Amino acid sequence: MAERGVEKLVIVGGGTAGWITAAAFARLLGQRLTIELVESDAIGTIGVGEATIPQIIRLNTILGLDEHEFLQRASGTYKLGIEFVDWGRIGSRYLHTFGDTGMNLGNVAFHHYWRRSVMGEAAPDARALWHYSLHQLAADQARFGKLDRVGNTAMAGLAYAYHFDATRYALHLRDYAEARGVTRTEGMVESVERHGTSGDITAITLDDGRRVAGDFFVDCTGFRALLLGGALGVGYQDWSHWLPCDRALAVPSERLPSLVPFTRATAKSAGWQWRIPLQHRTGNGHVYASGFTDDDAAADTLLAGLDTKPLGDPRPIRFTTGRREALWAQNCVSIGLSSGFLEPLESTSIHLIQSHVSRLIQLFPRGKNAAAERAEYNRRCIAEFNQIRDFLILHYHRTDRDDTEFWRYCKHMAVPDSVTHKLELFAASGRVGRDADDLFREASWVQVMLGQGIMPADYDPMADQIAPAQLEEFLANLRNVIERSVAGLPTHEQYLQHHCVADPADLIA
């Protein structure tokens, strides 16, 4: 008799991770799977995932979510990038945008032409690159609109993501998933049953004695990792020697007077502070290293750095940056915080959820022998974790700051060879040693490298293919067309009011 395949999927844990998983599986594999999600209202969620990167648009498109309705329900705003303040040095400021700066020519990245244009200057200012950024100018003027192309040029228009209330987004996805057949079971996990021979998980038992059996399990239990870490004993790889921040304090504050279309990350003496503008409030938090400051001082720093009045007391979060040694073991995959934690500096938390869910669906087994799929899933997920880790390390390690013990540690710490290689290559010639499947585009590495203070000593010689006068004309025309395009956009506030203003009752919450 043929072996029974995977018919019942059990998702343990709700929140953003659980309900993204449930919604995606219901949409793409719901016809052949029975899906049950188990969560407890008594367990709170971390809830700091309020800022995203453009990949979330792909998820929402697959699910068929209406963008304006989703933003309305989640009190969301638009995001063009992340502004980094005081990172490379105190007083520095740059925007890591989701788009390119300028426009490439002849398969040569724009920043090489820009570097050529300032080659004769004794101390060129890296900020001048953003003079040719559509996203920077729109952010400076707090403007937003749908723009596919800049004028009649080949320059791409505005690339964007969202800020939103993660709890409301999860509720929206819960409605979506339940409407497509997902069963939600309320309860706290008491124990995990495993098959005596294979070691696979066969069921979980809840605190009231109910038993939930399944063929495949997704662990969305957060830092606790009850299934993958607890029941299956998969170890954790600690990266705190490279990313020493291990605590955060989160607090909402009143709405910003003007809703800017970007996240702000401000470096502090022992970490950094985020600011995320929503329609009904502002999300704030202080990520810090407990080895370099204490909790009371961190709370004082957070509250002193707010732009609007706090709406509560700071909520503490403790974490260890790193990942599980494997993200799929036996018949269980970890999604979200149960798989690992990379601090929210580059807004990758929700991306990792959707990326892992997408990968799991691509490799989801029909039968129970899934050794090859499991190996491939772990290979690809671990590579993605490592790439994002390196990008985060860049922000801390490449700094001229030495004003506190924390920044001296970051500046002089040993880093992975993969980071050192990228730094040396870019410093020499402006080239980026980017892996083909890297989440972050070449433009992202360029913006952060320059923003953190690395000025390439040289540029790609192919940027010499146009005459000096042509280069000057090219740069001037770029700036002019960018200015005209941005001037034609509505303000961010106007766009929200016209398309996706939140319910007034929600704005009070």
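The values are calculated or read from the model by the stated rules, or taken from the named source; none is laboratory data. As the structure is a prediction and not an experimental result, all values here were calculated from the model. Ideal geometry is used to build each Cβ from the backbone, glycine not excepted, and the neighbour counts take in all protein chains shown.
Here residue 403 fulfils each of the conditions (1) surrounded by 13 or more Cβ atoms within 10 Å (Cβ to Cβ); (2) touching a residue at least 60 places away in the same chain (Cβ under 8 Å); (3) not hydroxyl-bearing (Ser, Thr, Tyr) apart from (1). In the set (1) touching a Lys or Arg at 6+ places or on another chain (Cβ under 6 Å); (2) surrounded by fewer than 14 Cβ atoms within 10 Å (Cβ to Cβ), residue 148 fails one condition alone, (1). Scanning the stretch 186-222 for residues that are surrounded by fewer than 16 Cβ atoms within 10 Å (Cβ to Cβ) and under 31 Å from the mean Cα position of the chain (by Cα) yields 186, 188.
Using the structure shown, decide if residue 371 is under 30 Å from residue 22 (Cβ atoms) and without any contact (Cβ under 8 Å) to a residue 60 or more places away in the chain. So residue 371 fits the description; yes. The set of residues from the stretch 24-49 being outside any loop (DSSP other than H, G, I, E, B) and either at pLDDT below 95 or closer than 27 Å to residue 441 by Cβ (or both) comprises 24, 28. Filtering the stretch 433-457 to residues that are in contact with an Asp or Glu (Cβ under 6 Å, 6 or more places away or on another chain) and in contact (Cβ under 8 Å) with a residue 60 or more places away in the chain leaves 443, 453. Highlighted here would be strands (runs of 3 or more DSSP E) found entirely within the stretch 297-368 that include at least 3 residues which are closer than 28 Å to residue 255 by Cβ and charged (D, E, K, R), but there are none.
Quick check, is residue 336 under 15 Å from the mean Cα position of the chain (by Cα) and modelled with pLDDT of 95 or more? Yes; evaluated as a whole, the condition is true for this residue. Do we have residue 168 as touching a Pro at 6+ places or on another chain (Cβ under 8 Å), basic (Lys, Arg) and either in a helix (DSSP H, G or I) or buried (at least 22 other Cβ atoms within 10 Å of the Cβ) (or both) here? In short, no.
Scan the stretch 337-359 residue by residue and report those that are touching a residue at least 40 places away in the same chain (Cβ under 8 Å) and aliphatic (A, V, I, L, M). Full working, then the answer.
Applying the first criterion (touching a residue at least 40 places away in the same chain (Cβ under 8 Å)) to the stretch 337-359 yields 337-351, 353-355, 357-358.
337, 342, 345, 350, 353, 357, listed by residue number.
Taking the stated definitions as given, is residue 282 of a type in the set (Ser, Thr, Tyr) and within 23 Å of residue 93 (Cβ to Cβ)? Outline the logic, then answer.
Numbers: of a type in the set (Ser, Thr, Tyr): yes; within 23 Å of residue 93 (Cβ to Cβ): yes.
It is true that residue 282 is of a type in the set (Ser, Thr, Tyr) and within 23 Å of residue 93 (Cβ to Cβ).
Within the stretch 282-292, the presence of at least one residue that is of a type in the set (Ser, Thr, Tyr), modelled with pLDDT of 95 or more, touching a strand residue (DSSP E or B) at 6+ places or on another chain (Cβ under 6 Å) and under 22 Å from residue 341 (Cα atoms) is confirmed.
Quick check on the stretch 348-382: of everything there that is among the aliphatic types (A, V, I, L, M) and under 17 Å from the mean Cα position of the chain (by Cα), which residue is nearest to residue 62 (Cα to Cα)?
First pass over the stretch 348-382, keeping only residues among the aliphatic types (A, V, I, L, M): 350, 352-353, 357, 360-361, 363, 370-372, 375, 382.
With the extra rule that they be under 17 Å from the mean Cα position of the chain (by Cα), the set shrinks to 350, 352-353, 357, 382.
Details: 350: 16, 352: 16, 353: 15, 357: 12, 382: 24 Å.
Looking at residues that are among the aliphatic types (A, V, I, L, M) and under 17 Å from the mean Cα position of the chain (by Cα), I get 357.
Inside the stretch 152-165, residues that are assigned to a loop (DSSP other than H, G, I, E, B), surrounded by 15 or more Cβ atoms within 10 Å (Cβ to Cβ) and not charged (D, E, K, R) make up a count of 6.
Please specify each residue of the stretch 254-276 satisfying the condition of being touching a Gly at 6+ places or on another chain (Cβ under 8 Å) and part of a strand (DSSP E or B).
Result: 263, 266, 268, 273, 274, 275, 276.
Looking only at residues that are of a type in the set (A, V, I, L, M) and under 23 Å from the mean Cα position of the chain (by Cα) in the stretch 148-176, which one is farthest from residue 9 (Cα to Cα)? Only one residue fits best here, namely 156. Checking each residue in the stretch 360-379 for being touching a helix residue (DSSP H, G or I) at 6+ places or on another chain (Cβ under 7 Å) and surrounded by fewer than 16 Cβ atoms within 10 Å (Cβ to Cβ) picks out 361, 376.
Every residue, every condition in (1) modelled with pLDDT of 95 or more; (2) surrounded by fewer than 17 Cβ atoms within 10 Å (Cβ to Cβ), yes or no:
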{"position": "419", "(1), (2)": "yes, no"}
{"position": "436", "(1), (2)": "no, yes"}
{"position": "439", "(1), (2)": "no, no"}
{"position": "447", "(1), (2)": "yes, no"}
{"position": "452", "(1), (2)": "yes, no"}
{"position": "456", "(1), (2)": "yes, no"}
{"position": "467", "(1), (2)": "yes, yes"}
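Total residues in the stretch 108-143 satisfying the condition of being touching a residue at least 24 places away in the same chain (Cβ under 8 Å), closer than 17 Å to residue 462 by Cβ and either assigned to a helix (DSSP H, G or I) or of a type outside the set (A, V, I, L, M, F, W, C) (or both): the figure is 7. In the set (1) surrounded by 16 or more Cβ atoms within 10 Å (Cβ to Cβ); (2) within 22 Å of residue 489 (Cβ to Cβ), residue 84 fails one condition alone, (2).
Entry remark, the stretch 50-106: residues being of a type in the set (Val, Ile, Thr) and either assigned to a strand (DSSP E or B) or under 25 Å from residue 431 (Cα atoms) (or both) number 6 in total.
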